[in-house]
Amino acid sequence: MFDQKTLELLVSSFPKILEYGLKVTLPLAAIAFMLSTVIAVLVAMVQYANTPVLRQICRVYIWIIRGTPLLVQLMVAFYGLPLLGIRANPFVMAVVVFSINEGAYSAETMRAAMEAVPAGQLEAGYCVGMNYMQIMWHIILPQAFRTAFPSLFNALISMVKDTSLASSITVVEMFTRTKQIAGQSYNYLPLYIEVALVYLIFCTVLTFIQKKGEKILGSYGVRK
Amino acid sequence: MALLEVKNIQKAFGENGVLKGIDLTVEKGDVVSVLGPSGSGKTTLLRCINFLEKADGGSLSFEGKEYDLSRITKAEIADIRKKTGFVFQNYNLFANKTVLGNVTLGLTSARKVAKAEAESKAKEVLAKVGMAEFADYYPSQLSGGQQQRVAIARALATDPSILYFDEPTSALDPQLTAEVLEVMRELAREGMTMIVVTHEISFAKEVSTHVMFMADGNVVEEGTALEFFENPRMDRTREFLRLTSN
Ligand SMILES: Nc1ncnc2c1ncn2[C@@H]1O[C@H](COP(=O)(O)OP(=O)(O)OP(=O)(O)O)[C@@H](O)[C@H]1O
Ligand SMILES: [Mg+2]
């Protein structure tokens, strides 16, 4: 299987695959992850504050997103949005779907992390004269982020791998690019193993960053 | 004119009437001890006065302004809270902030005081409670007594007109209790106005100007500390003092 020709193919295609990893896969995951975190914080805050109506809307959002497959969500957006007159290029559409999808999961993570902050600290914040948003910003969210960081980062790592699903809506990301190269050479397996290794490298680096990040964030004087 | 006057404050949790129409008057410089058996509503009273719990009825006048407790607005609550301080039984320090951060936050965030000014104020109140050297520690690195002294500094930093204490030493062992009580004694000497819910009878005897004794959501007896401890009028008070003094 790994004859001279295959080796040459692997060597020559490596930069091409990596290029799409760096140019498409990672940016897609990174942008979607940031947006999903914004969504998650907003949705978690609505639920934490128990805001009527908005809270119900958030529950429905979480219910639908967590109850349907990501692949199906991508398809529905791809074929559905144009019918509503919304034209977006597939990359943008993928960013939107991934953000909305991950937002629903991370919202639950954030909510649990916010609820883990003892309520007494909220009361103490009121007693020193702070208002709700000031308490959120200075007390609750920083602690919640610290708690949620490992889970959120795991979600990012999963998302890097899940971006391969974007190929289903014509986004040429790292996996699609690999498929194209494989199709031209009729030499599938070695190239799929190669792209698997690139995903592995990405995720290994991210895991390393995750560990470092946890150290930097520290735990407010608690030695672990 | 009284600094704080609470009239006919009422609170029920469902069917359970916890405050059944309590009156309380606090003049500037008073140290009022609130005594009473467990479950009598002492914590609920303090929490209602500082709006951590919504009272069902009654009125409150603070620094000359009168408020209807069942109809008080968020803005009015915020105004009153800017001039009061609260010390909790279990400290409730902000876990993500250092000692200095805990003490300055009420100034920098809620009152938009410049950081440098807030920090110099914080150092002043931390010195007062004997915690100046611990400015860079996190709450988790401190003993209970140290945490409570920081909590007192946090409450003092904003120059409140009155401080509320809810059993500030009941989570502490005797030695740590002593260091916290010493700080409170000093505040009393300086003329700080305080309402102190406490089980420390000897401390109440020594420091308070007035005492209020509650049971089952009612005031059983109140008076100056001297009257209350030397000449209690009610049987229930005498019984309570007898049980708690040995
Ligand atoms: N959030 C709440 N929900 C329901 N009931 C409550 C709540 N808080 C207090 N209670 C009830 O109100 C009554 C008075 O409680 P409170 O904590 O004010 O008493 P306390 O005098 O402070 O007692 P202790 O000396 O034990 O601290 C108790 O019967 C308690 O069960
Ligand atoms: Mg209590």
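The values are calculated or read from the model by the stated rules, or taken from the named source; none is laboratory data. A quick note: this is a predicted structure, and the numbers were derived from the prediction, not measured. Note: ideal-geometry Cβ built from the backbone for every residue, glycine included; neighbour counts use all protein chains shown.
Remarks
- Restricting the range B:36-73 to residues that are more than 11 Å from every other protein chain (Cβ to nearest Cβ) and either under 13 Å from the mean Cα position of the chain (by Cα) or among the β-branched types (Val, Ile, Thr) (or both), the residue that is surrounded by the most Cβ atoms within 10 Å (Cβ to Cβ) is B:LEU45.
- One residue from B:ALA122, B:ALA151 being touching a residue at least 40 places away in the same chain (Cβ under 8 Å), crowded, with 22+ Cβ neighbours inside 10 Å and within 14 Å of chain A (Cβ to nearest Cβ): B:ALA151
- Boolean, B:LEU156 is crowded, with 22+ Cβ neighbours inside 10 Å and within 14 Å of chain A (Cβ to nearest Cβ): yes
- Checked against the criterion of being of a type in the set (Asp, Glu), within 28 Å of B:ALA95 (Cα to Cα) and part of a helix (DSSP H, G or I), the range A:192-200 has no qualifying residue.
- Filtered residue count, the range A:119-145, keeping only those that are more than 7 Å from chain B (Cβ to nearest Cβ) and not small (Gly, Ala, Ser): 9
- Members of the range A:88-118 that are within 14 Å of another protein chain (Cβ to nearest Cβ) and not hydrophobic (A, V, I, L, M, F, W, C): A:PRO118
- Annotation: of all residues in the range A:147-191 being of a type in the set (Val, Ile, Thr) and part of a helix (DSSP H, G or I), the one that is farthest from A:LYS215 (Cα to Cα) is A:ILE181.
- Test: residue in the range B:103-113 that is over 21 Å from the mean Cα position of the chain (by Cα), at the interface with chain A (Cβ under 7 Å from one of its Cβ atoms) and farther than 28 Å from A:ALA113 by Cβ: yes
- Residue satisfying all of: in the range B:74-95; surrounded by fewer than 22 Cβ atoms within 10 Å (Cβ to Cβ) and of a type in the set (D, E, K, R); nearest to the other protein chains (Cβ to nearest Cβ) among these: B:LYS82
- The residues of the range B:151-208 that are within 16 Å of ligand 1 (Cβ to nearest atom) and at positive phi amount to a single one, B:GLU167.
- A:PRO82 being at pLDDT below 95 and either assigned to a helix (DSSP H, G or I) or under 20 Å from B:LEU105 (Cβ atoms) (or both): yes
- Just one of (1) in contact with a helix residue (DSSP H, G or I) (Cβ under 7 Å, 6 or more places away or on another chain); (2) within 16 Å of ligand 2 (Cβ to nearest atom) fails for B:GLU119. It is (2).
- One residue from B:LEU181, B:LEU176 being farther than 21 Å from B:LEU107 by Cβ, in contact with a Gly (Cβ under 7 Å, 6 or more places away or on another chain) and either away from ligand 2 (no atom under 16 Å from the Cβ) or not in a loop (DSSP other than H, G, I, E, B) (or both): B:LEU176
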